[in-house]
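Colleague: There's a structure below that I have some questions on.
Computed from the coordinates by the stated procedures, all read-outs in this text should not be read as laboratory data. All values derive from a computational prediction rather than experimental measurement. Note: ideal-geometry Cβ built from the backbone for every residue, glycine included; neighbour counts use all protein chains shown.
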Amino acid sequence: LTGVLDDCLCDIESIDDFNTFKIFPKIQKLQERDYFRYYKVNLKRPCPFWADDGHCSIKDCHVEPCPESKIPVGIKAGSSNKYSKAANNSKELEDCEQANKLGAVNSTLSNQSKEAFIDWARYDDSQDHFCELDDERSPDAQYVDLLLNPERYTGYKGPSAWRVWNSIYEENCFKPRSVYRPLNPLAPSRGGSCLLVSVCDFAWTGLCLEKRVFYKLISGLHASINLHLCANYLLEETWGKPRWGPNVKEFTRRFDPAETKGEGPRRLKNLYFLYLIELRALSKVAPYFERAVVDLYTGNGHEDAESKALLLDIFRDTKSFHMHFDEKSMFAGDKKGAKSLKEEFRLHFKNISRIMDCVGCDKCRLWGKLQTQGLGTALKILFSEKEIQSLPENSPSKGFQLTRQEIVALVNAFGR
């Protein structure tokens with residue numbers, strides 16, 4: 001890919017250089033810090049839109065959580081504010097089956113982490129969001145170590161996966177009403193999974209900037225998932241030992257112009273556009289974190305200070321980028337119309353976050369929910385500029401607040 005992106009004055013080469021040499025190495029380090037590696041998620045929420053057609057039975061999708069009775073009280077944030085050392089018996093952890101086969105979600109946590117989660121809970125405050133947030137007090141919500149559960153291809157495909165993406169694009173993505181191009185999973189194909197193949201690409205005729213931006217963000221999110229599944233693909237499994245790695249053939253099939261009737265490069269450009277939007281959000285939210293009252297609290301003072309210093313260093317880099325997307329060009333019409341469109345924008349995106357509870361593969365659901373919440377947090381930031389600028393220096397803000405879950409999702413989604 002080369003050249004300037006649509007709807008902004010940024011060229012791809014500048015983004016590549018900026019990301020490769022400045023941002024990516026630091027974001028990688030930040031994702032490895034305790035504050036950012038644990039994400040609380042409910043993978044058992046029912047699909048709100050259609051009857052559940054059953055979870056993926058492939059072992060790469062599988063999650064084997066510890067029984068409720070075996071999980072120490074200390075990690076049940078919200079259900080108990082007291083930490084019981086008696087409940088934190090390492091023998092109980094050993095009794096739990098560790099789900100570490102292939103793509104299984106590993107929910108095992110260190111004792112130190114459990115203590116930190118109790119303190120993290122006091123930083124979380126409910127807000128009006130772009131995403132449908134999990135109830136962290138639910139007994140079904142559990143902490144997941146993202147480093148032990150990388151996003152990769154699980155084999156999840158077919159009608160169930162198709163239904164999710166078709167619902168996202170056809171019912172929740174702005175597009176010309178005359179266009180309808182769903183991908184039929186039952187039609188003859190080359191074995192494609194809907195999680196890996198773009199459902200539809202729409203002409204821009206009649207779409208205003210805001211709706212073009214919305215579509216590009218969803219397409220960019222889809223492309224991001226495509227790329228990670230192609231880059232971390234189950235190449236072979238010999239005697240129970242899986243070998244994961246890049247699958248160039250799959251990548252070519254999903255993005256090569258000749259294989260996608262010219263659409264592949266645009267899908268990749270939408271990924272760059274998504275990067276710019278989340279980069280812009282990071283630069284805009286910097287004042288929130290620059291205040292002394294905000295800590296990345298884990299209970300380890302030395303690590304917390306290092307984590308915040310690294311995050312502030314990343315903010316300095318994001319501010320130095322000279323070709324940011326200008327969100328001020330959005331919703332700039334008459335106030336009544338702009339307000340209505342912004343609310344429509346928010347509700348569409350919130351609906352997409354709810355659709356993630358319909359993903360049948362737990363590994364796919366985990367990363368889908370995290371990346372959707374990360375993008376939703378970025379949008380919340382971009383639409384809260386005035387509130388962020390008026391933050392009090394030495395006291396918590398009532399006008400703008402980020403929960404720990406939003407912060408973790410924002411950083412990890414951008415890292416993706």
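Colleague: Taking the Cα centre of the stretch 267-416 as origin and charging only Cβ (+1 Lys, Arg; -1 Asp, Glu), how large is the dipole, in debye to the nearest 20? Please list the in-between numbers first.
Modeller: Numbers: 24 positive and 19 negative charges, 140 e Å.
It comes to approximately 680 debye.
Colleague: Here's another thing I want to ask about it. Is the stretch 212-294 best put as rounded, prolate or oblate by its Cα gyration tensor, with a ≥ b ≥ c the root eigenvalues, rounded for a/c under 1.5, and otherwise prolate when a/b is larger than b/c, oblate when not?
Modeller: On the way: a/c = 4.52, a/b = 1.49, b/c = 3.03.
It is oblate, given that a/c is not under 1.5 and a/b is not larger than b/c.
Colleague: For the stretch 209-254 and the stretch 285-362, compute the distance between their C-alpha centroids and round to whole Å.
Modeller: Centre-to-centre distance over Cα atoms comes out at 24 Å.
Colleague: How far apart, in nm, are the 7 Å Cα→Cβ label points at residue 394 and residue 249?
Modeller: 6.6
Colleague: List the residues, sorted by chain then number, that are 5 or more residues from residue 40 or on another chain and whose placed amide H is less than 5 Å from its amide H.
Modeller: Distant-sequence amide H within range of residue 40: 144.
Colleague: Restricting to Cα pairs below 8 Å that are 6+ residues apart, what does the relative contact order work out to for the stretch 244-399? Please round to a whole percent.
Modeller: On the way: 92 pairs, mean separation 41.3, N = 156.
RCO, the stretch 244-399: 26 percent.
Colleague: Take each of the peptides 231-239, 353-361, 292-300, average the number of other beta-carbon atoms within 10 Å over its residues, and list them starting from the highest. Mind dumping the intermediate values first?
Modeller: Values: 231-239: 13.1, 353-361: 22.1, 292-300: 16.3.
The peptides rank, most packed first, as 353-361, 292-300, 231-239.
Colleague: Given 0.36 nm per residue, what is the gain on full extension from residue 13 to residue 300 after removing their alpha carbon distance, in nm? Before the final figure, lay out each step's value.
Modeller: Working: separation 287, 0.36 × 287 = 103.32 nm, distance 3.96 nm.
Gain in length upon complete extension: 99.4 nm.
Colleague: Hey, which of these cross-link pairs are over 27 Å Cα-Cα: 157/350; 216/284; 363/386; 261/380; 342/369; 26/369?
Modeller: Numbers: 157/350 24 Å; 216/284 21 Å; 363/386 37 Å; 261/380 35 Å; 342/369 22 Å; 26/369 24 Å.
Among 157/350; 216/284; 363/386; 261/380; 342/369; 26/369, the Cα-Cα distance tops 27 Å for 363/386; 261/380.
Colleague: Please work out the FRET efficiency for the pair residue 334 and residue 147, using the Cβ-Cβ distance as r and a Förster radius of 45 Å; give the result to the nearest 0.05.
Modeller: Numbers: r = 48 Å, r/R0 = 1.06.
Approximately 0.40, to the nearest 0.05.
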